[in-house]
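*Asks:* There's a structure below that I have some questions on.
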Amino acid sequence: MTTLTLVQGDITRQSVDAIVNAANSSLLGGGGVDGAIHRRGGPAILEACRALRARHYGKGLPTGQAVATTAGELDARWVIHTVGPVHSTTEDRSALLASCYRESLRIADELGARTVAFPAISTGVYGWPMDDGARIAVETVRTADTAVTEVRFVLFDDTAYAAFAQQTD
Ligand code: ADP
């Protein structure tokens with residue numbers, strides 16, 4: 001049984017087994033959640049990402065997939081990096097967004113993580129409308145077959161929190 005919880009705040013301040021990063025396919029850092037995670041988590045995360053690029057993901061991590069590294073100095077055991085799709089008005093990429101949540105939970109299960117914090121993937125720089133991003137996130141997590149006991153959505157502002165609250169009441 002997975003409990004969904006919502007908090008408004010900064011995902012890098014969470015104490016959980018795994019923090020999910022809205023990464024880009026380079027795995028070498030970026031803005032938004034990615035920038036915040038590398039800033040607060042310290043250089044060990046980037047080092048682990050570089051090693052992954054060198055060994056397994058020469059062309060980068062494909063959209064919709066997920067991979068774990070150390071969480072460095074964050075109050076978590078792992079960071080799970082997943083690459084959300086860029087929103088498109090001409091192509092339906094929702095399956096890829098759902099895949100980010102599902103694959104992150106699959107990696108969490110492999111690791112034995114029981115508490116996982118997610119940001120609202122793709123709803124920042126990648127332009128996904130917040131209400132639709134929230135709907136896909138909640139639906140996917142609710143229907144996932146996982147041993148994770150708590151999925152905590154960490155929403156940065158009022159609008160994001162309200163969108164997720166509407167999906168969970
Ligand atoms: P993407 O490139 O997948 O769109 P972003 O990191 O740009 O990823 O944004 C994803 C969501 O995370 C946005 O709603 C953004 O407002 C939010 N966000 C940005 N920084 C943080 C943070 N430190 N903690 C939680 N959410 C954040």
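*Asks:* Hey, what do the phi angles of the range 101-115 turn into as Karplus ³J(HN,Hα) couplings, whole Hz, using 6.51/-1.76/1.60 and θ = phi - 60°, x for Gly and Pro?
*Replies:* 5, 5, 5, 5, 5, 5, 5, 4, 4, 4, 7, x, 6, 10, 10
*Asks:* Mind giving me the nanometre distance, one decimal, between the label points for E91 and D145, set 7 Å out from Cα along Cα→Cβ?
*Replies:* Each label point lies 7 Å from its Cα, and together they span 3.0 nm.
*Asks:* Within 10 Å, count the other beta carbons around each residue, average over each peptide in 47-57, 78-88, 15-25, and list them highest first.
*Replies:* The most tightly packed comes first, giving 15-25, 78-88, 47-57.
*Asks:* A follow-up question, please. Per residue, what accessible area does the range 3-168 have, given a 1.4 Å probe and all protein chains present, in Å²?
*Replies:* Here the per-residue accessible area is 46 Å².
*Asks:* If you take every residue apart from A117 with its C-beta less than 11 Å away from the C-beta of A117, what net charge results, scoring Lys and Arg +1 and Asp and Glu -1?
*Replies:* -2
*Asks:* Shifting gears a bit: Hey, what do the phi angles of the range 130-136 turn into as Karplus ³J(HN,Hα) couplings, whole Hz, using 6.51/-1.76/1.60 and θ = phi - 60°, x for Gly and Pro?
*Replies:* Listing the rounded values in order: 4, 4, 6, x, 5, 4, 5 Hz.
*Asks:* So what's the back-of-envelope 222 nm ellipticity for the chain, counting only DSSP H runs of four-plus at -39500 (n - 2.57) apiece and dividing by all residues, rounded to 500?
*Replies:* When only DSSP H runs of four or more count, the value is -12500 deg cm²/dmol.
*Asks:* Counting pairs of alpha carbon atoms under 8 Å apart in space and at least six apart in sequence, what relative contact order in percent does the range 72-144 give?
*Replies:* Over the range 72-144, the number comes to 36 percent.
*Asks:* If you place +1 on the Cβ of every Lys and Arg, -1 on the Cβ of every Asp and Glu, and leave all else neutral, what size is the dipole of the range 3-168 about its Cα centre, to the nearest 20 Debye?
*Replies:* 460 debye
*Asks:* Turning to a different aspect of this structure: Ranked highest first by average number of other Cβ atoms within 10 Å, how do 3-10, 36-43 line up?
*Replies:* Top of the packing list down: 36-43, 3-10.
*Asks:* Here is a follow-up. Round to a whole number: what % of the accessible area of the chain belongs to carbon and sulfur, probe 1.4 Å?
*Replies:* The C+S portion of the solvent-accessible surface of the chain is 48 percent.
*Asks:* Using the basic label-point model (7 angstrom from Cα toward the beta carbon), what is the L4 to D169 distance in nanometres?
*Replies:* Those two pseudo-labels are separated by 1.4 nm.
*Asks:* What accessible area, in Å² to the nearest ten, does a 1.4 Å probe give for M130?
*Replies:* 50 Å²
*Asks:* Using alpha-carbon pairs under 8 Å, 6+ residues apart, how would you state the relative contact order of the range 3-168 in percent?
*Replies:* 31 percent
*Asks:* Sticking with this one: Quick one: among T159, T115, T63, which has the greatest mean-square fluctuation in a GNM of the chain with alpha-carbon springs under 10 angstrom?
*Replies:* Ranking T159, T115, T63 by mean-square fluctuation puts T159 first.
*Asks:* Another one. Quick check: net charge around R40, other residues with Cβ under 10 Å of its Cβ, Lys/Arg +1 and Asp/Glu -1?
*Replies:* Net charge around R40: -1.
*Asks:* Around Q166, with a cut-off of 12 angstrom between Cβ atoms, what is the net charge of the other residues, counting Lys and Arg +1 and Asp and Glu -1?
*Replies:* With Lys, Arg at +1 and Asp, Glu at -1, the net is -2.
*Asks:* Right, here's the next one. Given a Förster distance of 25 angstrom, what is the FRET efficiency for A54 paired with R77, based on the Cβ-Cβ distance and rounded to 0.05?
*Replies:* 0.65
*Asks:* Amide H to amide H under 5 Å from R93: which residues, 5+ apart in sequence or cross-chain, H placed 1.01 Å off N in plane?
*Replies:* Excluding prolines and chain starts, which carry no amide H, the hits are S88.
*Asks:* Can you give the Kirkwood hydrodynamic radius for the chain, in Å, rounded to one decimal and based on Cα pairs?
*Replies:* It is 15.5 Å.
The values are calculated or read from the model by the stated rules, or taken from the named source; none is laboratory data. Treat the numbers as computed from the prediction; the structure is a model and nothing was measured. Every residue, glycine as well, gets a Cβ built from its backbone with ideal geometry; the counts of neighbours run over all protein chains shown. SASA here: full protein model, heavy atoms, side chains in, ligands and nucleic acids out. Shrake-Rupley method; radii C 1.70, N 1.55, O 1.52, S 1.80 Å.
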